[in-house]
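First the structure, in the form of structure tokens, and then the observations on it.
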Amino acid sequence: MTFAQAEKRVNELIEKINYHNDLYYLKDQSEISDLEFDGLLVELINLEQAYPQLKQDFSPTQRVGGAVTKNFPNVVHKYAMLSLGNTYSHEELEEFDKRVKKLLERDDYQYFCELKFDGVALSVTYENGVLKQAVTRGDGTKGDEITANARTIRTLPLKIKSESLPALFEVRGEVFMPNNVFHELNKSRESQGEALLANPRNTASGTLKMQDSAVVADRKLDCYIYSLLGEELNSTSQSTAMLGLEKWGFNVSPTYRKCANIQEVFEYIAYWETRRFELPLETDGIVVKVDNLDDQQILGFTAKSPRWAIAFKYQSENKPTLLKEITYQVGRTGAITPVANLEPVLLAGTTVKRASLHNANEIERLGLCEGDTVFIEKGGEIIPKVTGVDLAKRDPKSQPVIFVKLCPECQTTLERKDGEAVHYCPNSKGCPPQIKGRIQHFIHRNALDIDSLGGRTIEQLFDSGLVLTPADLYRLTYEDISNLEGFKDLSTRNLLTGIENSKKAPFEKVLFALGIRYVGRTVAEKLAQHFLTIERIATATYEELIEAPEIGERIAQSVLDFFEEEDNKALIAQLKEAGLCFEVKQEAVNLISNELDGQSFLVSGVFQNFSREDLKSTIKEHGGKLVSSISGKLDYLIAGDKMGPAKLEKAQNLNVTIISELEFLDMIGRK
């Protein structure tokens, strides 16, 4: 394929993929299968790898992520992102309306009402129709630049096709995590023994600040646009601006309404008071704006908020019920979680029987006593929470709740590390829920995914003494399984087949299955790709671990602690003997040249023309060899922006040749 042919095909693919992407995410329609769509995307990725100069900021491949950002630079907002004044009553809204009437000196103005979504405010700048910069609200004056992460939001256009487009404009939106995505994420974390995320809003906020945009893409964030700003706009009102944004392909929530007066605003509030619970995301009120933009200019601003807009907040549904008892759950990591068992109460459309108490600090903060009447609230939590106590109904003889001192399962004295709120059972080798939890984690669908093996069967295998560690699964015989209750010939053979097939799982899944504390699926993938083998991970120093993408101090220390345990070393040896994979299988590489043949490279930092993974692929395509750590045998360290100083110093001390991205391009004959 010539360069001209490649350029033509890239443009065709971009247009076709964008068309199907908009059809699916904005109109909930599909004209091709997922397989066909993925095929188009893979073709585009391959062409952009072969011809990097054809990769554009607005390419659909930018939504997949892959760029790593260690630090997010501060950016000053061109237009300040002010907060809104809040009200909880109709009387205060009427006062707001009177102020508007007085300042405008007339009563023929109209309002624009929209739901107030519980997400993260984002400012996005477009230049010549192309997404150029995305910045968080921050303190309203300046925020963090997170453009690479914003590009992964599939409903946010990377390039707008319109003839009547201003050269430069800004949109404001609310980034959110849909409830179904949040619940699935928490289900996965719960099954893996990881701490549950508190609510969709906090999760969306944390996701936007993740260093690896590929992880952000996997979180499936969404965004509703609610404002248009610029100097060459044709809009005369908020409502016409929203219609224009919809025509340009932005995702505008269809829940807005133009209201002729304050009474229609009240009707809008009443309409959404209960219907908002049917929406795919969390809301906490509505925003009322004077519709006409000239009127907004006349009304102006206070120091903190616009005079032409106000937020009406719905009262959170909060109901009293009886605290029957507190039970304590033991996770696979030994973490103890207290749960309030309640007299059933109807809340936000569902019957609530249990509520999270999180930890001992929360019990102490609430001042809980046995038999209390407590207030329950359900917002964005995965399960409802206890918000307070009805002291008027407390029995004077009731006793304060004392957090358990012994593990409820094995009676071992609990421990609490400095700086942590959670109590742990340290009996990891003898506490049944921890042992069974580790085995259940090992067979999780994101780990070894052993077909025909579930929680009930693990209980049977554990209780019968057949399986006490994951390695024991690979010693099971036909007779062992067939003797279990409910197992006949076919189910026994299916389970044995599932165990055998699990040996084909790639290294990153096996690493995740080991259950190292704080090493989730994504972190396991990063460790595997960075170090390539279990031996390199096991022998890595603290400094080498934190140089890997997404690896912070807490994770690094946990990995070190794991490999210091003799039992863990023995488990890995047994799993190796069983035939599991403990190294990244190197895929066959289509060599473009032999320019780098016999030379070793290590990549560190952030680059202008490549993501880190693209750069590694390019090295291999030209015959080079990748290594995971610095030694005297390393030929070249390719140093990008924000590279760790410790790694740089080590390379200098060992006289390793340090080159820039441009020098690397010269080596392979690319300008």
**Request:** Keeping to region 428-466, report how many residues are under 28 Å from the mean Cα position of the chain (by Cα) and on the phi > 0 side of the Ramachandran plot.
**Result:** 1
**Prompt:** Would you pick out the residues in region 313-325 that are surrounded by fewer than 18 Cβ atoms within 10 Å (Cβ to Cβ) and closer than 30 Å to Cys369 by Cβ?
**Reply:** Gln315, Ser316, Glu317, Asn318, Lys319, Pro320, Leu322, Lys324, Glu325
**Fill in**
Of the residues in region 196-237 that are outside any helix (DSSP H, G or I), of a type in the set (Gly, Ala, Ser) and under 27 Å from the mean Cα position of the chain (by Cα), the one that is nearest to Lys526 (Cα to Cα) is Ala198
**Message:** Quick check on region 357-367. Is at least one of its residues crowded, with 17+ Cβ neighbours inside 10 Å and in contact with a helix residue (DSSP H, G or I) (Cβ under 6 Å, 6 or more places away or on another chain)?
**Reply:** yes
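Every residue, every condition in (1) of a type outside the set (Ser, Thr, Tyr); (2) under 29 Å from Leu197 (Cα atoms); (3) surrounded by fewer than 18 Cβ atoms within 10 Å (Cβ to Cβ); (4) outside the structural domain of Lys650 (by TED's automatic domain parsing), yes or no:
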site: Thr533; (1), (2), (3), (4): no, no, yes, yes
site: Ile551; (1), (2), (3), (4): yes, yes, no, yes
site: Leu560; (1), (2), (3), (4): yes, yes, yes, yes
site: Glu566; (1), (2), (3), (4): yes, no, yes, yes
site: Lys569; (1), (2), (3), (4): yes, no, yes, yes
site: Asn594; (1), (2), (3), (4): yes, no, yes, yes
site: Lys633; (1), (2), (3), (4): yes, no, yes, no
**Request:** Being over 28 Å from the mean Cα position of the chain (by Cα) and of a type outside the set (Ser, Thr, Tyr) is the filter; apply it to region 143-174 and report the residue that is farthest from Tyr226 (Cα to Cα).
**Result:** Glu163
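Results for (1) at pLDDT 80 or above; (2) at positive phi; (3) assigned to a helix (DSSP H, G or I), shown as yes or no for each residue.
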site	(1), (2), (3)
Gln29	no, no, no
Ile32	no, no, no
Val42	no, no, yes
Ile45	yes, no, yes
Asp57	no, no, no
Gln62	no, no, yes
Tyr79	yes, no, no
Ser83	yes, no, no
Glu91	yes, no, yes
**Message:** Among the residues in region 179-192, are any at pLDDT 90 or above and in contact with a Lys or Arg (Cβ under 9 Å, 6 or more places away or on another chain)?
**Reply:** yes
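Here's the yes/no breakdown for (1) touching a Lys or Arg at 6+ places or on another chain (Cβ under 9 Å); (2) of a type in the set (Gly, Ala, Ser); (3) at pLDDT 85 or above; (4) at positive phi:
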site: Ser604; (1), (2), (3), (4): yes, yes, yes, no
site: Leu615; (1), (2), (3), (4): no, no, yes, no
site: Thr618; (1), (2), (3), (4): yes, no, yes, no
site: Ser628; (1), (2), (3), (4): yes, yes, no, no
site: Leu637; (1), (2), (3), (4): yes, no, yes, no
site: Asp666; (1), (2), (3), (4): no, no, yes, no
site: Lys671; (1), (2), (3), (4): no, no, no, no
**Prompt:** Considering region 255-285 alone, what residues qualify as being assigned to a loop (DSSP other than H, G, I, E, B) and more than 28 Å from Lys101 (Cα to Cα)?
**Reply:** Leu279, Pro280, Leu281, Glu282
**Message:** Can you go through Leu484, Leu527, Leu490 and tell me which one is of a type outside the set (Ser, Thr, Tyr), in a loop (DSSP other than H, G, I, E, B), over 14 Å from Leu575 (Cβ atoms) and modelled with pLDDT under 95?
**Reply:** Leu484
**Asked** Within the bounds of region 465-474, is there any residue that is small (Gly, Ala, Ser), touching an Asp or Glu at 6+ places or on another chain (Cβ under 9 Å) and closer than 18 Å to Asn568 by Cβ?
**Response** yes
**Request:** Mind telling me which of the residues Leu131, Leu156 ends up being crowded, with 23+ Cβ neighbours inside 10 Å and either within 30 Å of Thr333 (Cβ to Cβ) or assigned by TED's automatic domain parsing to the domain that holds Phe277 (or both)?
**Result:** Leu156
**Filtered residues of region 439-457 (kept if in a helix (DSSP H, G or I) and surrounded by fewer than 20 Cβ atoms within 10 Å (Cβ to Cβ))** = Gly455, Arg456
**Fill in**
Scanning region 401-438 for residues that are farther than 22 Å from Ile363 by Cα and of a type in the set (Gly, Ala, Ser), the one surrounded by the most Cβ atoms within 10 Å (Cβ to Cβ) turns out to be Gly437
**Message:** Please go through (1) within 28 Å of the chain's Cα centre (by Cα); (2) on the phi > 0 side of the Ramachandran plot for Asn74 and return the number of the only condition it doesn't satisfy.
**Reply:** (2)
**Message:** Could you go through region 142-155 and let me know if any residue there is under 25 Å from Tyr314 (Cα atoms) and either at pLDDT 90 or above or not β-branched (Val, Ile, Thr) (or both).
**Reply:** no
**Asked** How about region 503-528: which of its residues are within 30 Å of Lys625 (Cα to Cα), touching a residue at least 60 places away in the same chain (Cβ under 8 Å) and not hydrophobic (A, V, I, L, M, F, W, C)?
**Response** Lys503, Lys504, Pro506, Glu508, Lys509, Gly520, Arg521, Thr522, Lys526
**Prompt:** So, of the residues in region 547-570 that are of a type in the set (Gly, Ala, Ser) and within 28 Å of Lys642 (Cβ to Cβ), which turns out to be modelled with the lowest pLDDT?
**Reply:** Ala548
**Fill in**
The lone condition Thr497 fails out of (1) on the phi < 0 side of the Ramachandran plot; (2) part of a loop (DSSP other than H, G, I, E, B); (3) surrounded by fewer than 19 Cβ atoms within 10 Å (Cβ to Cβ); (4) of a type in the set (S, T, N, Q) is (2)
**Flag if Leu229 is in contact (Cβ under 8 Å) with a residue 24 or more places away in the chain, touching a Phe, Trp or Tyr at 6+ places or on another chain (Cβ under 6 Å) and within 23 Å of Tyr109 (Cα to Cα)** = yes
**Message:** I'd like to verify a number: residues in region 297-312 that are surrounded by 15 or more Cβ atoms within 10 Å (Cβ to Cβ), part of a strand (DSSP E or B) and either in contact with a Pro (Cβ under 8 Å, 6 or more places away or on another chain) or not aliphatic (A, V, I, L, M) (or both), how many?
**Reply:** 2
**Message:** Pairs please, first residue from region 238-252 and part of a loop (DSSP other than H, G, I, E, B), second anywhere and among the hydroxyl-bearing types (Ser, Thr, Tyr), Cβ atoms under 7 Å, 6+ apart in sequence or on different chains.
**Reply:** Trp248/Ser162; Asn251/Thr155; Asn251/Tyr224; Val252/Tyr224
**Message:** Exactly one condition in (1) within 23 Å of the chain's Cα centre (by Cα); (2) farther than 28 Å from Asn179 by Cβ; (3) buried (at least 19 other Cβ atoms within 10 Å of the Cβ) is false for Tyr111; which is it?
**Reply:** (1)
**Message:** Could you go through region 580-588 and let me know if any residue there is more than 24 Å from Val519 (Cβ to Cβ) and not acidic (Asp, Glu).
**Reply:** yes
**Request:** Working only within region 273-283, note down all residues that are out of contact with any strand residue (DSSP E or B) (no Cβ under 6 Å at 6 or more places or on another chain) and buried (at least 18 other Cβ atoms within 10 Å of the Cβ).
**Result:** Glu282
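The values are calculated or read from the model by the stated rules, or taken from the named source; none is laboratory data. Just so it is clear, the structure is predicted and the values come from calculations on it, not from any experiment. Reconstructed Cβ throughout: ideal geometry from the backbone, glycine too, with neighbour counts over all protein chains shown.
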